[in-house]
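Since the structure comes first, as structure tokens, the remarks are kept for the end.
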Amino acid sequence: MSLAPVKRFLHSASRGIASLVFPDLCPCCLREGQWESCLALWQSEASLRFIGKVPVISTVAYDDRAMSVVLAAKERGERRAKEFLTLAISTGITRLDFKGPKDSLRVIIPIPSSKGAIRRRGEDFIHSLAKEVLRTVAISDHHVVLLPILRWKRAIRDQSELTMRERIENLADSLAVDERRLEKGLHSLDITSAVRSGRDLEILLIDDVITSGSTMAAAISAISHSSLGVRSSITGITACYSARGL
Ligand SMILES: [Zn+2]
């Protein structure tokens, strides 16, 4: 049996107790009132990798501390931990060297959680994070919108126990663009004509951690095969990257 789930559980449990006793705890180093210096690390130099031709920008190496932040945000909804992740993703976006013209439309698309995870947490975690990211980057960029249009085509197995090869097989062709939701989204944001007239789109696929890259690859494939894929350039943005995976 892999030790990873046990380690995750212990981390989360001890963190959960600590955050009740010391509410001003840093979600990263767990010291009291020290979070600002750690937060600075979450807007450090971005790291770049490629899935095929698609660049993926990540900000923080996924070590024990980063894992502690992700779990605090994801499993316990801790506000400050969410701020860390929002900052890391927003930093990735602002570091991005956009290729399109100045007025190109930037579309943030979150990678959806599984139905089971949404039920357990009471929210779609990355979607909720993406709303915060939008608020942060919209200050400096007026042409950025959020379109949560990806959906899982089938149930997927929990990834944590799988090998890299199994993860890739587990997720191949698993995500799709919900074209009806896309139409509704374009309409409500009043960008239907802009998108349909051939305006350049810069698609930003958002996730918390990239490990094997198999989820991101499935999302890239879904966008490429959708009506958005024709004129858009795609970039992946994640808060953390696991060196183990890629
Ligand atoms: Zn800290």
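Okay, here's what the table says:
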{"read-out": "Number of positions in segment 183-199 that are surrounded by 18 or more Cβ atoms within 10 Å (Cβ to Cβ) and out of contact with any strand residue (DSSP E or B) (no Cβ under 7 Å at 6 or more places or on another chain)", "value": "2"}
{"read-out": "Cross-chain or 6+ apart pairs with Cβ under 7 Å, segment 153-169 first and over 20 Å from residue 118 (Cα atoms), then assigned to a helix (DSSP H, G or I) and of a type in the set (Gly, Ala, Ser)", "value": "167/214; 168/214"}
{"read-out": "Test: residue 45 is more than 16 Å from the ligand (Cβ to nearest atom) and among the charged types (D, E, K, R)", "value": "yes"}
{"read-out": "Residues located in segment 153-203, provided they are farther than 22 Å from residue 108 by Cα and not aliphatic (A, V, I, L, M)", "value": "154, 157, 158, 159, 160, 161, 163, 165, 166, 167, 169, 170"}
{"read-out": "Residue 190 more than 28 Å from residue 76 (Cα to Cα), assigned to a loop (DSSP other than H, G, I, E, B) and free of Cβ contacts under 8 Å to residues at least 24 places away in the same chain", "value": "yes"}
{"read-out": "Condition check for residue 202: touching a Gly at 6+ places or on another chain (Cβ under 6 Å) and surrounded by fewer than 22 Cβ atoms within 10 Å (Cβ to Cβ)", "value": "yes"}
{"read-out": "Flag if residue 130 is within 15 Å of the ligand (Cβ to nearest atom) and buried (at least 17 other Cβ atoms within 10 Å of the Cβ)", "value": "no"}
{"read-out": "Given (1) surrounded by fewer than 20 Cβ atoms within 10 Å (Cβ to Cβ); (2) in contact (Cβ under 8 Å) with a residue 24 or more places away in the chain; (3) assigned to a helix (DSSP H, G or I), index of the condition residue 81 fails", "value": "(1)"}
{"read-out": "Leading residue by the ranking (nearest to residue 94 (Cα to Cα)) among those in segment 133-160 that are surrounded by 12 or more Cβ atoms within 10 Å (Cβ to Cβ) and in contact with a Pro (Cβ under 7 Å, 6 or more places away or on another chain)", "value": "148"}
{"read-out": "Those residues of segment 1-51 which are part of a loop (DSSP other than H, G, I, E, B) and either surrounded by fewer than 17 Cβ atoms within 10 Å (Cβ to Cβ) or modelled with pLDDT under 70 (or both), in sequence order", "value": "1, 2, 3, 22, 23, 24, 29, 31, 33, 34, 44, 45"}
{"read-out": "Enumeration of residues in segment 143-176 that are modelled with pLDDT of 80 or more, of a type in the set (Lys, Arg) and outside any strand (DSSP E or B)", "value": "153, 154, 165, 167"}
{"read-out": "Filter result for residue 55 (outside any helix (DSSP H, G or I), within 16 Å of the ligand (Cβ to nearest atom) and either under 18 Å from the mean Cα position of the chain (by Cα) or modelled with pLDDT of 85 or more (or both))", "value": "no"}
{"read-out": "Single condition residue 68 does not satisfy, out of (1) modelled with pLDDT under 90; (2) in contact with a His (Cβ under 8 Å, 6 or more places away or on another chain); (3) part of a helix (DSSP H, G or I)", "value": "(1)"}
{"read-out": "Meets criteria (part of a helix (DSSP H, G or I), modelled with pLDDT of 95 or more and aliphatic (A, V, I, L, M)) for residue 220", "value": "yes"}
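The values are calculated or read from the model by the stated rules, or taken from the named source; none is laboratory data. Since the model is a prediction, treat every value here as computed from it, not as a measurement. Ideal geometry is used to build each Cβ from the backbone, glycine not excepted, and the neighbour counts take in all protein chains shown.
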